[in-house]
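Scroll down for the structure; my scribbles are underneath it.
The values are calculated or read from the model by the stated rules, or taken from the named source; none is laboratory data. Source: prediction; values computed, not measured. Positions of Cβ are generated from backbone atoms using ideal geometry, with glycine treated the same way; all protein chains shown enter the neighbour counts.
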Amino acid sequence: MKIEIRGLSKIYPNGKHALSDINLDIENGMFGLLGPNGAGKSSLIRILVTLIPPTTGQVSVNGFDLMKDRGEIRKMLGYLPQDFRFFSKLKTWEFLDYAAGLAGIKSKAVRHKKIDEWLEKVGLFDARDRQANNLSGGMKRRLGIAQALIGSPNIIIVDEPTTGLDPEERIRFRNILSELSQQDIIILLSTHIVGDISSVCRELALLNEGKVQFNGPPETLVEKARGHVWQVQTAGVEYDMLKENFAVTSTIPSEDGWEIQLVGEKLDLNSATEIEPNLEHAYVYFMESLTGIS
Amino acid sequence: MSLHLIRIIAAYEMRTLLRSWFFRIFAGGAILGLGIFNIALNVEASGAPWMYKAIAASIPYANLIILNLGQAIVAVFLASEFLKQDRKNDTVEVIYARSMSNGIYILGKALGILGVFLVLNVIILLLGIGFSFISNTGSQRIFAYLAYPLLISLPTLVYILGLSFFVMTLTKNQAITFIILTGYIALTIFYLNKKAFHIFDYIAYQVPMMYSSISGFARLDEILLHRMIYLLWGIGFILLTVYKLHRLPQTQRFSTLPLYLGLVFLFAGGGLVYRYLDTKHAAKEFRKHAVALNNRYYRHAKPTVSSCTLELVHNRDKIEVVSLLTLHNRNDLAIDTLIFSLNPGLIVHSVSKNHLPLRFERQLHLLSIFPDEPFKPGDSCEITLKYSGKVDENICFLDTPPDDYTEIVNFEVFTLRKRFAFLQKDFVCLTGETIWYPVAGTTYATDAPLLNEPDFVRFTLSVTTSPELTAISQGSSTSKGPGIFDFHPEYALPRISLLIGQYNQYKVQVDSVEYSIFAIHGHEYFKPFFDQATDTVPVLIRDLKKEYEVKTGLKYPFKRFMLAEVPVHFALDKHLYSYTSDAVQPEMILCPEKGVLLDNADFRNRNYRIEREMKNNNEEALPEEIQSRMFKQFLQTNFLSQRGQGFDYGDVINWETFSVFPEYLGFSTQLQSDQWPVLEMAFEVYMGERNEHAISVNWYEGLSINEKINLELSKVSLEELLRKGIESDRNEDRPVTIRDVAQSKGLQLFNVLRARLGEQEVDSLVSRLIADYPHTRIPFDEFNGRFRDHLNTDLRQEIHNWYVQNSLPGYLIRNINSYKVVDGEVTRYQIRFGLSNPESTDGIVTLNVELNDPNRNTNNNFFQDNLNVDFSRKIFLPAHSSRDVGFVFNTEPARMSLMTHISRNLPGNLIYSFSGFTETRNVPLLDDVIEIPFFDQEAGKNETVVDNEDKGFTYQQAVNQAYLKSLVKKNKTDRYKYSEIWAWNPPREWREVLRAEFYGNFIHSAHYTRGGTGERTASWKAVLPEKAMYDVYFYMDKVNVGWRRTNKSPDYNFLIYHDNGVEKINRSSEEAENGWNYLGTFSFSSDTARVDLSNKTIGDMVFADAMKWVLNE
């Protein structure tokens, strides 16, 4: 499986440049699409799932051209959009049955078996006969992932999947994706929550203002932040000064003040200890540096 | 794969819709409503029309047509709903991201919606079929049942779904889509439904889909064409929706395919529209062309056919005929071209004389044969014609103007396509109207509209058809084997007809006549209802026949009388020149299947009602008695009916439609006048009604037919009217035809003759003449000769004047008195009044009197014009003469009516109620009509009256009509100025209305308008004899109309312009009296007298009638 994106741009009729000259290669495994709100992640995803056309550029999926062979590409897709709330009047299992049917599973028996399997996996078996519209937000999202996966797609695209989920749901969700990422498929995960992808993505792209700012393995991104992350025990005026000049990634109250983690270009402070950066630090560092540039 | 996807999308769309409350409520309501409707149809006491029960297909048809009306609207909502949901539901993105084409998606959705409606349609259909089985004892038609959902619902739903989808994709707003489409639907239902041959009727309400149990659909080809249009357009719009769908297409390559395909479907539908309309217009043009040919050739001397032998072979939808005609030339000149009429669908293969072929030509229905030598006066010859083919029904009833010709007729919720002939594999019905055998001369010509001079021909007919079928025709019938029949009418006939079908005969011989019912196999529903009356039937027939013959003074001239069943589609049109419809044929009457259009044909219901009635009257309800009553009622109401009788389907059927009368007269003897063809109709109507009382039946407040006739004849003479025709006003419920005028005018001619020469004398002279001319025509010279010889009257001048003059009699009535007189020892009741005819034409007035009968239930006498006639007298008033009319009664009269027939008088029926005979006068009785000195004008000495019909009356119209209404009413001008009183919604303009109680010499009318603030006024201006003081009176009738908006009596606001200024006067109608009301005394100069009435009133409307100035001495 391979997705090649070349020179992709999207300008909306209202003149908004959502994407500019995106170039990406996405291969098997989980691919993270990271970026703040409004970075263009959803636009890119909606183009990839054939919901909207790009303004310019090419996308090829396993050799199929996105503009010409949407049928073939759609066959490979499993998609969970960012908003997944309002259903027509269908029960939980019916929605899955509909999705499975549309994914091409003709046999009713096979469909029903798969439905049960997936309902079990996403923990909705007991809610199978409930109206999908009446499920809680988390349940709807689980139903969403089940419908995206029920047809065993080769490419799974999930847009902001963990928004609004409680920690337990989030972990369950990550686990499902991790399991899948072992197979010969692409999972494209778009999120603005670094934690969602830190553990599982082999590669990621960082999008900001419609442009790819970074593309590579998370480790490379983390490496870029090395020497730019500190931990400081601080209080009072100093604390205020640090907050003003650096990006604070965590603040923990201590006996005589706060223990804070900072990301920044350079910190001349004796009490500061340089620490090992993680993906979140790297993301913040990167975004901060972009802001600095801009 | 695609099929699987369509199926799964459709299945889930269905599931979603079935859960929608909107659909559930609609479906539940439809099932419940139609269920109740169906049950009601089957309950005896409900008196449901027989048509629903008699025709197997009618309940399923009714159910689906009613359902379709509802689903056509609901579908708009459901169709737009899915696109709305697609916009609203964010989860739809995961569906859109699936691999399927937009076409599959929309198709699946459309099929899903169609599917739920299909389920509903099947339920409703099953409901209908179930009840049809319960109510129907006859054969069931599975084909028809299945055809209805396909013909009615499918095209409607596909079309409205497609259109809704498409409008929704364009507007992107469900509310706007709903408003646009419901507006469109309302337009097609209420305004466009019958326009352009009901092409706009996508709901198929006007598409004739009644399925006859005998002949099936009337024109399946036309139905299919009409329904295909909407099916194709529906598919076209669905394809355009696919193109416009807010989802990226599956492949770029075929993305525009739905657009082009959609356009192809729309154009294909358009093509069918063209074809559909073209067929209709072609038929219209064909008829125009045929009439033009007749106009060209009708004067051409024609041979007389004395005998016609027909050998006919029926083969599927064709006939092959060999016909041998004996011809005579009874003209004064030799004939070089023999002109015949023969159905244009029949192809003439050869014409020969003594085995030698003759040259011939066809022009539509006309067949011109060129004899080898001119056919000399007095000569006879025989010619043989061979022809075969199908019949073209467009040649029938050319006397309906092509623009007014309508092939559609509505009964109940059903639409029927009129059929004039049937030539099918298992059923044939050919009447003379189809010209399936050669007839000398032309058919209807507009230049001689009442010309109808058929030869009285000695026919013989042999028929070969399928062995299982039975042929019926006139004359004695013999069968040489299965499917082979010979018919030998004993007498010369003006026409013959042929029926072939699976008939069973039920007959009874009464005296010299054989009475038969020919019922289609399986349609013998009537049998069990007369099983107890077998012995009584001959007696009943004999009595009814005798009674009718006494009334008409005629004898039944044939040896048999048949009632034969024909499909419900059979057209009941009437010719301008004929007394009855085409259903009445010599020796037989063609009855719509199971008597569906006849009255009292639902014998189960009749049985139930008569039994209940008898029990209510404490009579013993013996089956034999009930059956005898049913039998009598059935025959009397349908075949022995008289003018004025009401019918269940009064729009189409009246007392003439199935009248047996032509059997007695027209099919046996006709009056022939080359100069005045209209005389034949005059003669017929006189013979038919000479012994009937004239009873006025006017069910509406509006103009009666008689009044319309008078308005027509006040403008032009009969001759001119026949020549120019009457421009029909399509807004009218019942437009007047030249047939109506000819009948009324004819009746008037003979009634005046009878009044002048003596009823007895004229009647017996004519009866003798008819007896002397059986089965032939009476030449006018002979008719006139008898009048000259026996009654010393030459009719020529009389008839000439009657024909060319447009002067009418007019009647003035004065001094109506009612009082008691003591006659010996008894007190009797005297009615007395003066009657004058100041015009230059003789006339007849009919006086009808209703007596006070305490046993009579007058509560149901809702229509005040229909009074019970206890006493009736025709009063003859020669020109410029006056009469004193007096009649004496032993019982107190309640009301009298004066019917003024053909005259200047409007309304044509003046009703006077007598409010008690309180006064007793000691004066001599007058029980006679005596001549008195001539009087004219009702106004007395020193009186000046200005009526609203006079020149001195003017009004300011100031129409303030709603804009929308004015758009709809644009170009609608009524043919007659008089309207009815719209009490519920009075007009915002002055309109004229007729009422006996209004003031007037000949025309009792007033202007009326909606009450307001004084924006409209009416003025009376009089030229007075001198400057003096005058008393001013206003004529008021307190119009009492049933339904009004408020109960407030109007007040009247007058402005009186007199020499000393203007006087405002207000009069409440409550305080006023009917008749002249004094307004005041003023000084007027001779030419400035004027009174204005404004429409300012507290009531609903004001009436402006007459104003009177009386010299104050």
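Looking at residue B:92, is it touching a helix residue (DSSP H, G or I) at 6+ places or on another chain (Cβ under 7 Å), away from every other protein chain (no Cβ under 14 Å) and farther than 30 Å from residue B:216 by Cβ?
When the stated conditions are applied, residue B:92 does not pass them.
Hey, any hits in the stretch B:236-247 for a residue that's of a type in the set (D, E, K, R) and more than 14 Å from chain A (Cβ to nearest Cβ)? For the stretch B:236-247, residues of a type in the set (D, E, K, R) and more than 14 Å from chain A (Cβ to nearest Cβ): present. The residues of the stretch A:39-69 that are exposed (fewer than 15 other Cβ atoms within 10 Å of the Cβ) and more than 14 Å from chain B (Cβ to nearest Cβ), listed by number, are A:56, A:63.
Determine, yes or no, whether residue B:443 is surrounded by 21 or more Cβ atoms within 10 Å (Cβ to Cβ) and hydroxyl-bearing (Ser, Thr, Tyr). Yes. Taking the stretch A:31-107 and the helices (runs of 4 or more DSSP H) fully enclosed by it, the elements with 2 or more residues that are touching a residue at least 12 places away in the same chain (Cβ under 8 Å) and either over 24 Å from the mean Cα position of the chain (by Cα) or within 30 Å of residue B:14 (Cβ to Cβ) (or both) are at A:70-76, A:92-102.
Filtered by the rule that a residue be more than 7 Å from chain B (Cβ to nearest Cβ), of a type outside the set (D, E, K, R), surrounded by fewer than 24 Cβ atoms within 10 Å (Cβ to Cβ) and under 17 Å from residue B:248 (Cα atoms), the stretch A:70-99 gives a lone residue, A:76. Checking the structure you have, find out if any residue of the stretch B:39-53 is surrounded by 20 or more Cβ atoms within 10 Å (Cβ to Cβ), modelled with pLDDT under 95 and more than 43 Å from the chain's Cα centre (by Cα). So far as the stretch B:39-53 goes, no, none of its residues is surrounded by 20 or more Cβ atoms within 10 Å (Cβ to Cβ), modelled with pLDDT under 95 and more than 43 Å from the chain's Cα centre (by Cα). I'd like to know if the stretch B:1050-1067 contains one or more residues that are among the basic types (Lys, Arg), at pLDDT below 90 and over 28 Å from residue B:937 (Cβ atoms). Looking through the stretch B:1050-1067, none of the residues is among the basic types (Lys, Arg), at pLDDT below 90 and over 28 Å from residue B:937 (Cβ atoms).
Tell me, which residue of the stretch B:401-417 that is in contact with a strand residue (DSSP E or B) (Cβ under 7 Å, 6 or more places away or on another chain) and over 23 Å from residue B:292 (Cβ atoms) is surrounded by the most Cβ atoms within 10 Å (Cβ to Cβ)? Looking at the filtered set, the residue picked out is B:416.
Please go through the stretch B:209-230 and pick out each residue that is at pLDDT 95 or above and buried (at least 24 other Cβ atoms within 10 Å of the Cβ). Passing the criteria: B:226, B:230. Apart from one condition, residue B:954 fits all of (1) assigned to a loop (DSSP other than H, G, I, E, B); (2) at pLDDT 70 or above; (3) assigned by TED's automatic domain parsing to the domain that holds residue B:1027; the exception is (1). Is it true that residue B:100 is hydrophobic (A, V, I, L, M, F, W, C) and within 11 Å of another protein chain (Cβ to nearest Cβ)? Criteria met by residue B:100.
Among the residues of the stretch B:781-825, the ones that are touching a residue at least 40 places away in the same chain (Cβ under 8 Å) and assigned to a strand (DSSP E or B) come to 10 in all. Looking only at the stretch A:115-138, decide whether some residue is of a type outside the set (Phe, Trp, Tyr) and within 16 Å of the chain's Cα centre (by Cα). Looking for residues that are of a type outside the set (Phe, Trp, Tyr) and within 16 Å of the chain's Cα centre (by Cα), one finds none in the stretch A:115-138, hence no. Kindly check whether there is at least one residue in the stretch A:112-125 that is within 27 Å of residue B:2 (Cα to Cα) and facing chain B (nearest Cβ under 8 Å). For the stretch A:112-125, residues within 27 Å of residue B:2 (Cα to Cα) and facing chain B (nearest Cβ under 8 Å): absent.
Among strands (runs of 3 or more DSSP E) entirely within the stretch B:867-927, having at least 2 residues that are surrounded by fewer than 18 Cβ atoms within 10 Å (Cβ to Cβ) and assigned by TED's automatic domain parsing to the domain that holds residue B:997 singles out no element at all. Can residue B:204 be described as on the phi > 0 side of the Ramachandran plot, away from chain A (no Cβ under 14 Å) and modelled with pLDDT of 90 or more? Judged against the criteria, residue B:204 is a match.
For the stretch B:18-50, filtered to residues that are touching a Lys or Arg at 6+ places or on another chain (Cβ under 9 Å) and touching a residue at least 40 places away in the same chain (Cβ under 8 Å), the residue that is nearest to the other protein chains (Cβ to nearest Cβ) is B:20. Of B:701, B:727, B:712, all but one fail to be crowded, with 17+ Cβ neighbours inside 10 Å, modelled with pLDDT under 80 and in the same structural domain as residue B:764 (by TED's automatic domain parsing); the exception is B:701. Please go through the stretch B:298-349 and give me each residue that is crowded, with 18+ Cβ neighbours inside 10 Å, among the basic types (Lys, Arg) and part of a strand (DSSP E or B), ordered by number. None - no residue of the stretch B:298-349 is crowded, with 18+ Cβ neighbours inside 10 Å, among the basic types (Lys, Arg) and part of a strand (DSSP E or B), so the list stays empty. Among the residues making up the stretch B:1-14, those that are within 7 Å of chain A (Cβ to nearest Cβ) and either in contact with a His (Cβ under 9 Å, 6 or more places away or on another chain) or touching a residue at least 24 places away in the same chain (Cβ under 8 Å) (or both) are B:5, B:8, B:12. Take the conditions (1) in contact with a Leu (Cβ under 9 Å, 6 or more places away or on another chain); (2) modelled with pLDDT of 90 or more; (3) not in a loop (DSSP other than H, G, I, E, B); residue B:127 misses just one of them, which is (2). Each residue in the stretch B:527-565 was checked for being closer than 20 Å to residue B:685 by Cα and part of a loop (DSSP other than H, G, I, E, B), and 5 of them qualify. Just a yes or no: is a residue in the stretch B:801-809 surrounded by 14 or more Cβ atoms within 10 Å (Cβ to Cβ) and within 21 Å of residue B:930 (Cα to Cα)? Yes, the stretch B:801-809 contains at least one residue that is surrounded by 14 or more Cβ atoms within 10 Å (Cβ to Cβ) and within 21 Å of residue B:930 (Cα to Cα). Do we find a residue being under 30 Å from residue B:678 (Cα atoms), of a type in the set (S, T, N, Q) and at pLDDT below 95 anywhere in the stretch B:529-544? No, that holds for no residue.
Candidates A:10, A:16: the one that is more than 28 Å from residue A:219 (Cα to Cα), loosely packed, with under 15 Cβ neighbours inside 10 Å and away from every other protein chain (no Cβ under 13 Å) is A:16. Within the stretch B:566-580, the set of residues being surrounded by fewer than 24 Cβ atoms within 10 Å (Cβ to Cβ) and not in a loop (DSSP other than H, G, I, E, B) comprises just one member, B:574.
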